[in-house]
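**Student:** Here it is: the structure, laid out below.
The values are calculated or read from the model by the stated rules, or taken from the named source; none is laboratory data. Computed from a predicted structure; not experimentally measured. Cβ: placed from backbone, ideal geometry, glycine included. Neighbour counts: every protein chain shown. Just so you know, the surface numbers come from the protein's heavy atoms only, side chains and all, with ligands and any DNA or RNA stripped out. Shrake-Rupley method; radii C 1.70, N 1.55, O 1.52, S 1.80 Å.
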Amino acid sequence: MFWRFFVTFLVFILVPSMLASLFIYTYVTSLLEREMEKSSQIVIGHFADRTDEMINALQNDMIKLLGYPGLDRYLRMQDEESDSIDRNELLGTFMSQMSAMVAGHPLASDAYLVLTGHDLVVHPTGSFGKQVFFSYINHFADMSEDQLQTMFSGTKMMSFTAMRTVEEFALYDNLKLNSGRYTSAIMSYPYNSPDPKAYLVVNVDAEQLRSQIQIRNSNLFETAIVSRSGEVLTYTGEGMPSSEALMRAITSDNGSEVRIRTGDREWRAFGHQLGRHDWFYVGLTDIKELNRTGDQIKRGSILLLLLFLLAGTMLSFLVSRRMHTPIREIKEELETGRRKANLPHDMPGNELEQIRSWAKHLMLEHQDMSVQINGMSPIMHEIFLGKILLGEFRDELSIDYYAKEIGFRMLPQLDLAALCIELVFAVDVTETGKSYLMVDLKNKLERLLRDEVWLCSLHKDLLVCVLQLRRGEDSDRESLEKADEIAELLGRQSDRYRAAIGVGGKVATMAELHRSYQRGKRLLRLKSLDESVIVYSGLAEPEEKTTLDSFLPAEQISQLLNWYRGGHYSAMLEHALERIEQAESQNAAAVSVKQLSSDMLNAWIRTVAADNRHDFSLEQFTALYMRLEECSTWEELRRFFRDTASELFVETETGSRAEQFRESADYIRTHYAEDLTIEQLASGMNMSVGHFSRSFKDAIGEKYIDYLTRCRIEAAQQLLLESDKRIDDIAIEVGYLGRNSFIKTFRKQVGITPGKYREACKSGS
């Protein structure tokens, strides 16, 4: 009676009601939410695009202003102290254009031009000395002298500063005339020069920026602009969210939802990057207003479902006393699964004890799964440490929580220091070999440092050692001592790889560990092409080791072209070797040397590509760049340019050169049994291996290895016919070290094995 009643209620009442409620809950409400969310994203995306257009327009106006032809003349006159009348005319025109740019752009509040080589700042109201200008006309209230110098150094292509307070004072009585919050857009001139002559600065008012991004007449949306560093540049609402909450909207994945609460309102946040700039546009949509219609439908659906569930519960309660006890149900389920799980059939005790015995048996059967999970702990620890080093985890509470979750043991009373070890593997090491060498190095470092280290390989050629140091003034010295020990260990592996170590300096907490790692990486940019393992460290901010010019001047490129047209190839090679020698004498950084070498190789390739006498493919040129990138020492770099010169700077083969290849072919035919290598023959003719291989085929008609193989197999055929020597002896006599390789090559050339060939010839078939 119970089953008939329950099935009837389930089929005709409860199941249709649940399906209807689920349909309303899942389909209708989700459809409304998606459409409203899509509409909000379109609105926010439109305003983000409009803001991006204004910033790009500001960039274009700055480029247009710096493109004024008289600016370059004015800078040259300033350097040469030329006629003041012409110079003042150019200055006046430029000031007028600067004033017009400020007046014509909605974001520009003020603009000025800073001359780096002179004590001069050009403003629409006149020209001033830097001290006067930055003390009265454009005084940064919250910026130090060092920060001001950093602001006007290096190459800048539309770089934005943090929002700062800018004040204006009267020149004589020092009264404050104006004050406001501004961000400065900076562009250097010339644009890509590492040593610009001038910087164009445009001040953008925070209130102007706020008015441009505000979505008017809407209580559903609020907007904000956030810098990459997390500073909120402007916000259109009343209660501004925290910068950490807005950064979550920027850094979250596209599929994840970010919610922010301000006061009694909850927002859904979306992040958009503004074009190529370091600003992010964050749109906030009121979740309560967005989901109002959906919530009403949800509440109605849930209420209807609860009514049917209540009715079903009451009916189930009336018949529950006629049902078996819960333990009986569990026992029946286990008995059903016992045949699949191979559980014992006869268990002593009552039903509850039998259930416990079966559960214990299942736990014993799945112990191997627990062992596999425990074996994944080192991998999880390394992934967790990698996220900390990359700065993904910067909050102490989050780090402690995740560390406890994966069993990562931390000692808070110790200082930490990240040592960045960059490895350059030998050319003949395969990718699998690199993995094995990295594992072997980790094991050796753990034994060397007595487990006082955490290791993390962020990629195949960078290993990070996180040292655990005793807290105190000597922790920096201790990290350097351990770095020297690691350098000694790496020096003994020079046949496998070369290495450099960047000491990142100590930090007090795991949340600051990413700073030590970033500093260690920056220090590795100072590494040179020396063969020895060098430890790079220092308390000051790392700087470039030399002012080496990484690009060839235009006149030197023209000289290379003239040398090539005149056939002075040795002069081109000598020029490259001299530049390398100069870089080595200056102990230049490997990054600068590789840039210079790449520029010289590019100049060589352009000269050769302009010559129709030689047919070089794009693949050959690509291979040259790859070989250049593999050079890790000064000697390898010199050898690369010598080999490249012999490969690129070749003349059409003359009759004497063809005769030399015929002599080489005759030498191969008479010395085929010896250990002949193509490197020996190429060196004898003062040619690279690639050039020799191509020229040999052009002169003889077949490749070097095919010709050598044919000579050996022909000699083997003759020995098989004219002698009774064993096949092993014949293989050694014609130049093969093993029987298997000889038989394999013979069958490929003749079509049958040596033994069958001898039998076939003797039988006359």
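**Student:** Just grab the label-to-label distance for GLU581 and ILE63, each label 7 Å out from Cα along the Cβ direction, in nm (one decimal).
**Tutor:** In this crude spin-label approximation the distance works out to 4.4 nm.
**Student:** Compare the Cα positions of ALA108, THR150, PHE128 along the charge dipole of the range 91-168 (+1 at Cβ of Lys, Arg; -1 at Cβ of Asp, Glu; about the Cα centre) and return the one farthest towards the positive end.
**Tutor:** The one lying farthest along the dipole's positive direction is ALA108.
**Student:** With a 1.4 Å probe and all protein chains left in place, how much accessible area per residue does the range 615-765 have, in Å²? Please report the intermediate quantities before stating the final value.
**Tutor:** Numbers: 8730 Å² over 151 residues.
Averaged over the residues of the range 615-765, the accessible area is 58 Å².
**Student:** In whole percent, and with a 1.4 Å probe on the protein chains, what portion of the accessible area of the range 466-519 is carbon and sulfur?
**Tutor:** Details: 1030 of 2470 Å².
Percent of accessible area from carbon and sulfur atoms in the range 466-519: 42.
**Student:** So, by mean Cβ neighbours within 10 angstrom, what's the order for 628-635, 692-699 with the highest one leading?
**Tutor:** Most protected by this proxy first, the peptides run 692-699, 628-635.
**Student:** Enumerate the residues in the range 435-452 having an amide nitrogen under 14 Å from the point lying 7 Å beyond the Cα of GLU481 toward its Cβ.
**Tutor:** Only 449-450 fall inside the zone, counting backbone N under 14 Å.
**Student:** Here is a follow-up. Quick one: length gained pulling ARG747 to SER242 fully straight, 0.36 nm per residue minus the C-alpha distance?
**Tutor:** Working: separation 505, 0.36 × 505 = 181.80 nm, distance 7.71 nm.
Between ARG747 and SER242, full extension yields 174.1 nm more.
**Student:** Roughly how many percent of the accessible protein surface of the range 165-211 is carbon and sulfur, given a 1.4 Å probe and a whole-percent answer? Mind dumping the intermediate values first?
**Tutor:** On the way: 1100 of 2260 Å².
Carbon and sulfur atoms account for 49 percent of the accessible area of the range 165-211.
**Student:** Can you sort ILE534, ILE42 by 1.4 Å-probe accessible area, starting with the largest?
**Tutor:** Details: ILE534 50, ILE42 110 Å².
Result of the area sort, largest leading: ILE42, ILE534.
**Student:** Turning to a different aspect of this structure: Tell me the label-point distance for the pair SER99, ASP49, using the 7 Å Cα-to-Cβ offset, in nm and rounded to one decimal.
**Tutor:** 3.8
**Student:** What is the sum of charges, Lys and Arg at +1 and Asp and Glu at -1, for the other residues whose Cβ falls under 12 Å from the Cβ of GLU238?
**Tutor:** Working: positive: ARG265; negative: GLU222, ASP264.
Net charge around GLU238: -1.
**Student:** Using the beta-carbon distance between ALA610 and LYS460 and R0 = 41 Å, what value does 1/(1 + (r/R0)^6) give for FRET efficiency, to the nearest 0.05?
**Tutor:** On the way: r = 38 Å, r/R0 = 0.94.
Rounded to the nearest 0.05, the efficiency is 0.60.
**Student:** So between CYS761 and SER598, what do we pick up on full extension, going 0.36 nm a residue minus the alpha carbon distance?
**Tutor:** Details: separation 163, 0.36 × 163 = 58.68 nm, distance 5.95 nm.
Residue separation times 0.36 nm, minus the Cα-Cα distance, leaves 52.7 nm.
**Student:** What is the sum of charges around GLN493, taking Lys and Arg as +1, Asp and Glu as -1, for the other residues whose C-beta is under 12 Å from the C-beta of GLN493?
**Tutor:** On the way: positive: LYS444, ARG492, ARG496, ARG498; negative: ASP440, GLU488, ASP495.
With Lys, Arg at +1 and Asp, Glu at -1, the neighbours total +1.
**Student:** Please list, in order along the range 147-161, the HN-Hα scalar couplings obtained from phi with the Karplus expression 6.51 cos²θ - 1.76 cosθ + 1.60 (θ = phi - 60°), rounded to whole Hz, x for Gly and Pro.
**Tutor:** 5, 5, 5, 5, 4, 10, 9, x, 7, 9, 10, 6, 9, 10, 8
**Student:** Filter LYS703/LYS748; LYS482/LYS527; LYS697/LYS756; LYS444/LYS594; LYS64/LYS156 down to the pairs with a C-alpha to C-alpha distance above 21 Å, please.
**Tutor:** LYS697/LYS756; LYS444/LYS594
**Student:** Once both labels are modelled 7 Å past Cα along the beta-carbon direction, what's the ASN562-GLU396 spacing in nm?
**Tutor:** 6.8
**Student:** Does a label point 7 Å from the Cα of HIS139, set along Cα-to-beta-carbon, have any residues of the range 145-177 with amide nitrogen under 14 Å, and which are they?
**Tutor:** Under 14 Å, as judged by backbone N against the label point of HIS139, lie 165-177 of the range 145-177.
**Student:** Also, I was wondering about something else. At 1.4 Å probe size, put THR125, THR223 in order of accessible surface, largest to smallest. Please report the intermediate quantities before stating the final value.
**Tutor:** Numbers: THR125 100, THR223 0 Å².
Result of the area sort, largest leading: THR125, THR223.
**Student:** Let's test the formula: R0 of 41 Å, r as the Cβ-Cβ distance of ASP79 and ARG627. What FRET efficiency results, to the nearest 0.05?
**Tutor:** Details: r = 43 Å, r/R0 = 1.04.
Given R0 = 41 Å and the Cβ-Cβ separation, E is 0.45.
**Student:** Express the accessible area of the range 118-174 per residue in Å², computed with a 1.4 Å probe while the remaining protein chains stay in the model. Don't skip to the answer; put the middle values down first.
**Tutor:** Values: 2940 Å² over 57 residues.
Normalised by residue count, the accessible surface of the range 118-174 is 52 Å².
**Student:** While we're here: Want the number for ARG470 to ILE215: 0.36 nm per residue separation, take away the alpha-carbon distance, what's left?
**Tutor:** Working: separation 255, 0.36 × 255 = 91.80 nm, distance 5.50 nm.
86.3 nm is the gain from fully extending ARG470 to ILE215.
**Student:** Next up: Given R₀ = 45 Å, what would the calculated FRET efficiency be for ARG450 paired with THR116, taking r from the Cβ atoms and rounding to 0.05? List each step's numbers first, then the result.
**Tutor:** Numbers: r = 52 Å, r/R0 = 1.16.
Efficiency for this residue pair is about 0.30.
**Student:** Here's something else I'd like to know. Taking LYS38 as the anchor, which lysines have their alpha carbon closer than 24 Å to its alpha carbon, excluding any fewer than eight residues away along the same chain?
**Tutor:** Answer for LYS38, where 24 Å is the Cα cut-off: LYS288, LYS298, listed by chain and number.
**Student:** Please report the net charge: other residues with Cβ closer than 11 Å to the Cβ of MET151, K and R +1, D and E -1. It would help to have the intermediate numbers written out before the result.
**Tutor:** Working: positive: LYS156, ARG164; negative: GLU145, ASP146.
The answer is 0.
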